């Protein structure tokens, strides 16, 4: 499977996250998967790529041309295929199209936005691809609490619990994405309104 990993682009994070995402990349590559990612060399994007590369996994990087032209981010140069887009929206769309599954690792605003976009698209029946949140050291505990609160308050339909999973290690992430079955629910079952 081609697995899209969304995560932090910054190195200004605790080393434990970098180490764990490198292990995730290694594990997924050892199990025959390929990486689709935002082509950054730093942070958890770079960690995922290094892990995949170390174990011989194929790597597809997708990045807007202005990142290169304006030196926005250091580009991971060891991609098997490096795809340039004009805009951030095109970048996300390309990664979504290439991917068979998504794993969200710790990140900031961009990662949250990427997670909610693929989640919304799944809720609306635009894809049936597995979505796993890799909750390293409780990073996403508050997000999960917020999702539960939103369900209790009626802003998110409770059956949306079925369209993604929160996992605690690379093995659980792989098991979930490899064995996820498309849900048998209509858009109306998943969406309030």
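The values are calculated or read from the model by the stated rules, or taken from the named source; none is laboratory data. Note that the structure is predicted; figures quoted are calculated from it, not measured. Neighbour counts run over all protein chains shown; Cβ positions are idealised from the backbone, glycine included.
Exactly one residue out of 112, 66, 102 is touching a strand residue (DSSP E or B) at 6+ places or on another chain (Cβ under 7 Å), closer than 25 Å to residue 49 by Cα and not in a loop (DSSP other than H, G, I, E, B), and it is 102.
Being surrounded by fewer than 20 Cβ atoms within 10 Å (Cβ to Cβ), on the phi < 0 side of the Ramachandran plot, touching a residue at least 12 places away in the same chain (Cβ under 8 Å) and in a helix (DSSP H, G or I) narrows it down to one of 121, 82, so name that one.
Going through 121, 82 in turn, just one is surrounded by fewer than 20 Cβ atoms within 10 Å (Cβ to Cβ), on the phi < 0 side of the Ramachandran plot, touching a residue at least 12 places away in the same chain (Cβ under 8 Å) and in a helix (DSSP H, G or I): 121.
Is it the case that some residue within region 148-157 is in contact (Cβ under 8 Å) with a residue 12 or more places away in the chain and part of a helix (DSSP H, G or I)? No, that holds for no residue.
Residues in region 25-36 include at least one that is surrounded by fewer than 22 Cβ atoms within 10 Å (Cβ to Cβ), at pLDDT 95 or above and closer than 21 Å to residue 90 by Cα.
Out of all the residues in region 24-41, is one or more at positive phi, within 14 Å of the chain's Cα centre (by Cα) and not in a strand (DSSP E or B)? Yes - at least one qualifying residue is present in region 24-41. Would you mention how many residues in region 151-187 are surrounded by 14 or more Cβ atoms within 10 Å (Cβ to Cβ), under 15 Å from residue 120 (Cα atoms) and out of contact with any helix residue (DSSP H, G or I) (no Cβ under 9 Å at 6 or more places or on another chain)? So the answer is 0. Test residue 92 against the criterion of being assigned to a helix (DSSP H, G or I) and in contact (Cβ under 8 Å) with a residue 60 or more places away in the chain, and give yes or no. No: the conditions fail for residue 92. Of the residues making up region 100-114, those that are within 20 Å of residue 163 (Cα to Cα) and crowded, with 20+ Cβ neighbours inside 10 Å are 101, 102, 103, 104, 105, 106, 111, 114.
May I ask you to list the residues in region 124-147 that are exposed (fewer than 13 other Cβ atoms within 10 Å of the Cβ) and in a helix (DSSP H, G or I)? Scanning region 124-147 gives 137, 138, 141, 142, 145, 146.
Scoring residue 97 on the criteria (1) more than 15 Å from the chain's Cα centre (by Cα); (2) exposed (fewer than 13 other Cβ atoms within 10 Å of the Cβ); (3) modelled with pLDDT of 95 or more leaves a single failure, condition (1).
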